[in-house]
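Chemist: Quick one: the structure is below, and I'll ask about it shortly.
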Amino acid sequence: MSESDISPLGRGGFHCSLCDVRLPNSPTLNDHIKGKKHQKLLSVRRTRKLQQERSVFVSGFQKGMSNLEITDYFQKFGTVANVIMDKDKGLYAIVEMESNKEVEKILSLPQHSMNGQKLRVKHREYKEFKYIPKKKQDPGEKQFIDFEELSWALCQVVDVDEQLKKLLELFEFTDSERMLRKLIVSLIQEVFSEFFPSCKVLLFGSSVNAFDIHGCDMDLFLDLENTTTYQANASATAETEGVKDAHFESQSEDSILSDIDLKISTAAEILEVVATVLQKCVPGVHKVQAVTTARLPVVKFIHKESGLQGDISINNRLAVRNTTFLQLCASLDPRVRPLVYTIRHWAKQKHLAGNPFGGGSLMNNYAVTLLVVFFLQNRTTPILPTVNDLKEHAGEEDQCIIDGWDCTFPRNGSKIEATTNTEGLCELLAEFYKFYAAFDYAGTVISLRDGKAHLVTDFIGPDSDKQFRFGPINIQDPFELSHNVSGNINERTAQRFKRQLDEACKYCRSLQYQRKSTKKKAWGIVRLLQPLSSTDCSPAPSPSLDHSPGKEMSHGENMLSIPFKLLCLSEQTKKRLHGSQDFREVWFDKVCHAVLYVMESILKCSCSYTEENNTQINNAEINSLDEAKNKEVKISSGLKRPNPEEEIAETSSNKRSRTEAPLYQGEVTWQCAVWNRIWIGRRKIRRQLRYRTNESDSDNCGIISSLETEAKITEAILQQEENSDKSSPLVTFRLSAFLVGGNEDTRTMIRVTPIQDSTLFVEFFHFLESFIPKMIEKCIEKSD
Ligand code: ATP
Ligand code: MG
C-alpha cells in the first residue's frame, strides 16, 4: 500500500483515494487494504505506471495516418507493444514500447519524421491513476475530451484569447448533436400530445441556453397549461397512428395506464403518469424513473441510442424563462460564451461545480453562469447590462410575470447598445478570479437585477423576503428573488471555492499564464484546467496530514473558521442588524463569547484571557496555566478532576461574568490548557447517553439539548480518567479570535497555536476542527 493513498478524516475515519472510499475506523481500513478491490487497483496502477513509462506521446503527423503506419515507423526502435490513437481527430498517438530502453532510444534521436512530416515525440506525461466506478459513469461522459487531448489542442494556438475560443469550439455541440436533441424532443412531443392534448414539450437548460457541451443532459419542461384532460385511452390511438415502433412494448390498454384527473392531482402523481407514458409509449427510451421527492420533482430517463440523459419536469416555467435570459446574455457580447465555457470547465475540474448526478453541495452550472454575468455587469465599463436595465428596453410584448415574479426583458438584443469595453478574454478571465477572490460571500447577496452586491443585513428587515436561504455564498436568482441559487452550497465547498479562486488569481499574474511557452510547457489556461487529485478536495489544509507531530506543528498555525450565519441569530438581533454595516463586529463578539463558553463549560479546559498577542512562548505561560488548574482543583473540593456539579455552578458564574463582559474587539487571545483526553471516545458516550435518555424518556420530557449532552460527555470522560494520576496539562495552547478584515470576508477566524511541543496537540486540533464550529453555532443559536 502507498501511504499517500490513505488520509485521515475527522473522528477517526480514513479515506482511501485509490478506491475513493471512506472507512469509518482502523479495523475497516485494515480489512479494506487487504481486500480484493484495493489489491486489484494497486496492481492495475502498477501496470499502468509501467506502461506509461514505456510510452511516448507522438504528434505532428498527417491527419488520417493509420495505427499500422505508426507501428511500422516505431518498430525501428524495438517492439511496439501498443499504439493508441486519439479518438477521431488524428491529433496524437501514444506508442507503447516493450521496454524503457527502447523509449530512451526513441527519445535520443533529435528529430523524427514520417512521410516528410516532422514529428513531435516526447515522454508520455505521467497521468495519475484514477479509479472511476463503472456504475457512476455519466453516459454522456464518454464524449468528453480528456485533459491530455484538451491541453495539447490549447497549447497549439497563439495566445490565451485564442485558447478560450478553442475551448468553446471543442466543447460546444455540433449541428448533428443539436439536431438529435430536437428529434428526441419532437418524438416525445408527438407521443405526449396523444395523452396530454395541447401540451408542449420544451427544451431548456444547457441544451439550448447557448452554453451547451457534448453530452450534457436534456432538461425538458412539459407545459400542461392548456391541457385540461388526460387521455388514458390514447395508447390505442397512438398505436393505430403508428407512433410506436418496434421498440414499443405491446400492452393492453388497461394494463398500460390508469386514469387521473389533472385538476386535482399533485405534481408527483402527474409525474408518475408521465413516467409510465414515457416508459411504455416512447420508443428508444429506457431507465425511466420518477424522482418526486426532490425540490424540483422530475422524471429521469435515458435515450438508449445516444446515451443522453433527460429530465422532464412540469413546474418549471421560471427555468424556461431564465434559459432565455442566458441566451440573451450570450447574444449581447461575443466574449460571454468563451468566458462561461472556460469558467464552467475550470469549476468542474476543481470539483466545485457541475455534479453530473445533480444536487449535493456543489455549485450547479446555472449558478456559475450567473457569477460570470454578474462579473461582466461589474466591469468599470460594463460588458453586460443589469436585468433592470434590460427591462427598460422591453416592449409590450415582452412583459412577462411568472409565479408573481417579474421576468420581463427584451426577446432579442437588437435594441441594446453594444458596450464600448474592449478588454480581451485573457484579461477578463484573470480579472474574474481577482474579482471573486476578494469577494465578501457570506456578508453579501449578489443581485443581477441591479448588478450590486447587497449587504445581507439589507435582506433581514421587516419588509425583506423571509424565505431567502442564506448560505456561505448568496446568489439571488435574477427573477425568483426569494431564491438563493447557491443555497445548496455548504461551508466546505465555499472554502474550496475561495481557495481555488486564490490559486487561479495568483497563477493568472504569472508569465506562464500570459505568454505562450516556447519550451513546450503547459501555458495559459491549460494549468488552470488541470484536474484536481482527490486529496486536493479537502477543505482548509489540515495540520495532521502534512506535519510530523511535535516538529513544525508545534509552532505551526492552525485555523478554524466560523462563517457568519444569519440563521443562528434571533429575530431581535436580526432586526437590530437590518441595514447595518457592523454585523461583522457583532458576529465576532458573539463568536468570542461562544468560544469561551465551549472551551470552559463544555470541554472543561482552563482559559485565561491575555491582553498581549503574539507573546513569546515561555515557561511563565505554562506556570500561569498550572495556577489556573490549581484553582480548579481547589474549587472542586480537593478532587484532581473537576467535580461535575460544582463545575455546573462554576459554569453559571462564568455565564454571569460573561454577560457583564465588555464587547470583544480586535484580536482576542486566551491561553488554554486541556487536562484530559476529552476528545477520545466521545461518540461512544454520546450513543450511550442518547440510548439512556430515550429509555427514561418515555414521557418525552427532558430531551437534552446538544450543548448539554456534550458537556455531559466531557464530564463522563473526566470521571473515567479520575483515577489517573496526571497533574500537568496534556496540551497547552493559545487561542486567538480575529476577523479576516475589511469588507472581504465575514468570518471570524480562530487561530490555535500550541505552546509546548506535544504530539497530542495534533489529535486535539483535529477534534477541534469539527467540534468547535458546530458547537459555536449551537451556542449562539441558544444564547441569542
Ligand atoms: P448542465 O446540465 O450542463 O449542468 P444546465 O444549465 O442545464 O447545465 P442544470 O442543472 O441541468 O444546468 O439546470 C437546468 C436549468 O434549470 C438551468 O439552465 C436553469 O435554467 C435552471 N436551474 C438550475 N438550477 C437552478 C437554480 N438553482 N435556480 C434556478 N434555476 C435553476
Ligand atoms: Mg442541464
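Chemist: Can you tell me which residue within region 361-383, out of those that are away from ligand 2 (no atom under 14 Å from the Cβ) and hydroxyl-bearing (Ser, Thr, Tyr), is nearest to Ile343 (Cα to Cα)?
Modeler: Per the criteria, the residue is Ser361.
Chemist: What residue, among those in region 347-402 that are among the charged types (D, E, K, R) and within 26 Å of Phe497 (Cβ to Cβ), is most open to solvent (accessible area, probe 1.4 Å)?
Modeler: Looking at residues that are among the charged types (D, E, K, R) and within 26 Å of Phe497 (Cβ to Cβ), I get Lys348.
Chemist: Here's another thing I want to ask about it. Within region 558-596, can you find the residues that are open to solvent by less than 40 Å² (accessible area, probe 1.4 Å) and part of a loop (DSSP other than H, G, I, E, B)?
Modeler: Pro563, Phe564, Leu569, Ser570, Gly579, Ser580
Chemist: Here is a further query. Taking Thr493 as meeting all but one of (1) closer than 17 Å to Phe564 by Cβ; (2) at pLDDT 95 or above; (3) assigned to a helix (DSSP H, G or I), write down the number of the exception.
Modeler: Result: Thr493 passes all but (2).
Chemist: I would also like to ask the following. Can you find even one residue in region 203-221 that is on the phi > 0 side of the Ramachandran plot and either buried (at least 22 other Cβ atoms within 10 Å of the Cβ) or within 12 Å of ligand 2 (Cβ to nearest atom) (or both)?
Modeler: Yes, the conditions are met somewhere in region 203-221.
Chemist: Among the candidates Lys391, Lys434, Lys348, single out the residue that is free of Cβ contacts under 8 Å to residues at least 40 places away in the same chain and either more than 16 Å from ligand 2 (Cβ to nearest atom) or not in a helix (DSSP H, G or I) (or both).
Modeler: Working: Lys434 fails: free of Cβ contacts under 8 Å to residues at least 40 places away in the same chain; Lys348 fails: either more than 16 Å from ligand 2 (Cβ to nearest atom) or not in a helix (DSSP H, G or I) (or both).
After ruling out the rest, the residue left standing is Lys391.
Chemist: Which of the numbered conditions does Lys118 fail, given that it passes all the others? Conditions: (1) open to solvent by less than 80 Å² (accessible area, probe 1.4 Å); (2) under 22 Å from Met65 (Cα atoms); (3) at pLDDT 85 or above.
Modeler: (1)
Chemist: Please pick out the residue among Ile6, Ile84 that is under 30 Å from the mean Cα position of the chain (by Cα) and either open to solvent by 60 Å² or more (accessible area, probe 1.4 Å) or within 30 Å of Val762 (Cα to Cα) (or both).
Modeler: On the way: Ile84 fails: under 30 Å from the mean Cα position of the chain (by Cα).
Being under 30 Å from the mean Cα position of the chain (by Cα) and either open to solvent by 60 Å² or more (accessible area, probe 1.4 Å) or within 30 Å of Val762 (Cα to Cα) (or both) holds for just one of Ile6, Ile84, which is Ile6.
Chemist: Just to verify a result, which residue in region 258-276, among those that are open to solvent by 30 Å² or more (accessible area, probe 1.4 Å) and of a type in the set (Ser, Thr, Tyr), is nearest to the chain's Cα centre (by Cα)?
Modeler: Thr266
Chemist: Moving to a separate point now. Only one residue in Asp31, Asp72 is under 30 Å from Arg683 (Cα atoms), open to solvent by 60 Å² or more (accessible area, probe 1.4 Å) and out of contact with any Gly (no Cβ under 7 Å at 6 or more places or on another chain), so which one is that?
Modeler: Asp31
Chemist: Go through (1) open to solvent by 20 Å² or more (accessible area, probe 1.4 Å); (2) away from ligand 2 (no atom under 15 Å from the Cβ); (3) over 25 Å from Lys519 (Cα atoms) and name the single condition Cys199 misses.
Modeler: Cys199 satisfies all of (1) open to solvent by 20 Å² or more (accessible area, probe 1.4 Å); (2) away from ligand 2 (no atom under 15 Å from the Cβ); (3) over 25 Å from Lys519 (Cα atoms) except (1).
Chemist: Okay, next question. Looking only at region 318-341, filter to residues that are more than 16 Å from ligand 2 (Cβ to nearest atom) and part of a helix (DSSP H, G or I); which one of those is most open to solvent (accessible area, probe 1.4 Å)?
Modeler: For region 318-341, the residue satisfying everything is Ser331.
Chemist: Go through region 183-196 and report how many residues are within 16 Å of ligand 2 (Cβ to nearest atom) and open to solvent by 50 Å² or more (accessible area, probe 1.4 Å).
Modeler: Residues that pass the stated criteria total 0.
Chemist: Among residues belonging to region 199-236 that are over 22 Å from the mean Cα position of the chain (by Cα) and of a type in the set (Phe, Trp, Tyr), point out the one that is nearest to Phe325 (Cα to Cα).
Modeler: So the residue we want is Phe204.
Chemist: Let me ask something else. In the list Leu376, Leu370, which residue meets the criterion of being within 14 Å of ligand 1 (Cβ to nearest atom), in contact with an Asp or Glu (Cβ under 9 Å, 6 or more places away or on another chain) and in the same structural domain as Val485 (by TED's automatic domain parsing)?
Modeler: Leu370 is the lone residue from the list that is within 14 Å of ligand 1 (Cβ to nearest atom), in contact with an Asp or Glu (Cβ under 9 Å, 6 or more places away or on another chain) and in the same structural domain as Val485 (by TED's automatic domain parsing).
Chemist: Sticking with this one: Return the residue satisfying two criteria in turn: it lies in region 733-784 and is aliphatic (A, V, I, L, M) and under 24 Å from the mean Cα position of the chain (by Cα), and of such residues it is farthest from Val456 (Cα to Cα).
Modeler: The selected residue is Leu768.
Chemist: Moving on. Does region 351-375 hold any residues that are closer than 24 Å to Leu154 by Cα, assigned to a helix (DSSP H, G or I) and touching a residue at least 40 places away in the same chain (Cβ under 8 Å), and which are they?
Modeler: Within region 351-375, Asn365, Thr369, Val372 meet the criteria.
The values are calculated or read from the model by the stated rules, or taken from the named source; none is laboratory data. Bear in mind that the values here come from a model prediction, so they are computed numbers and not experimental data. Cβ sites come from the backbone with ideal geometry, for glycine too, and all protein chains shown count toward neighbours. Areas reflect the complete protein model, heavy atoms only, side chains present, ligands, DNA and RNA absent. Shrake-Rupley method; radii C 1.70, N 1.55, O 1.52, S 1.80 Å.
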